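To start, the structure under review is shown below, and the notes come after it.
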Amino acid sequence: MFEGQVDSSKRLKLLYDDVERHCNVITNLTGAMAKKYVCSACHKSCRHDITYFCDQTCSDCMASTSCAFSDVHFPSDECNRHFRSQACFANHKQSAAKRKSVCESKRCCATCGLLVTGDGHECNKRYCANCKENRDVGHLLLYETAKGRLARRQ
């Protein structure tokens, strides 16, 4: 990905064709990369924007540049999280076109304090990609231990 030294918020994305020796305009970067999300800071793609972590973006408000820390943290009553500055707090409230704001997508559970990014949250349980359901933390260790005992008996 080439980026010129330009002081403009507008960006033009081009795809160079070596055979035709021609540049084609990319109007939809996520469509061109066949992913649901492309980070505007590092240009890497992934499945979900709200769970993506990039060292060039703000982990609190998900802005494309990291927000500066201030002496005072700004709490949000809606999502039960704290933010680095007034600008960071304002950024997390903004909705992108056809998408929810960070405040609507990412919250801390008021009961157990876990970070929740989707529906179906159960307190003190985490989603297990193997089981495809919410399970107690460490349940795979119990499963592996039981599986090891079964393997030794056979």
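Each reported figure results from applying straightforward, stated rules to the coordinates on display, with no laboratory input. The structure displayed is predicted, hence computed values, not measured ones. Glycine gets a Cβ as well: all are built from the backbone with ideal geometry, and neighbour counts include every protein chain shown.
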Pairwise FRET efficiency - residue 80 versus residue 125, Cβ, R0 = 25 Å, nearest 0.05: 0.90
Ranked by how many other beta carbons lie within 10 Å on average, peptides 14-21, 113-120, 32-39 from highest: 32-39, 113-120, 14-21
FRET efficiency, 1/(1 + (r/R0)^6) with R0 22 Å, evaluated for residue 35 and residue 11 via beta carbons: 0.80
Loop trypsin sites (Lys or Arg not before Pro), segment 105-142, which have at most 15 other Cβ atoms in a 10 Å radius of their Cβ (DSSP): 132
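Quick one: of 44/106; 13/132; 100/132, which pairs are farther than 29 Å apart, Cα to Cα? Numbers along the way, then the final one.
On the way: 44/106 21 Å; 13/132 37 Å; 100/132 24 Å.
In this structure, 13/132 lie more than 29 Å apart at Cα.
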Segment residue 137-residue 72, length gained on full extension (0.36 nm per residue, minus Cα span): 20.1 nm
Set of aspartates and glutamates near residue 35 by C-alpha distance (under 14 Å), chain-local residues within fewer than 8 positions excluded: 49
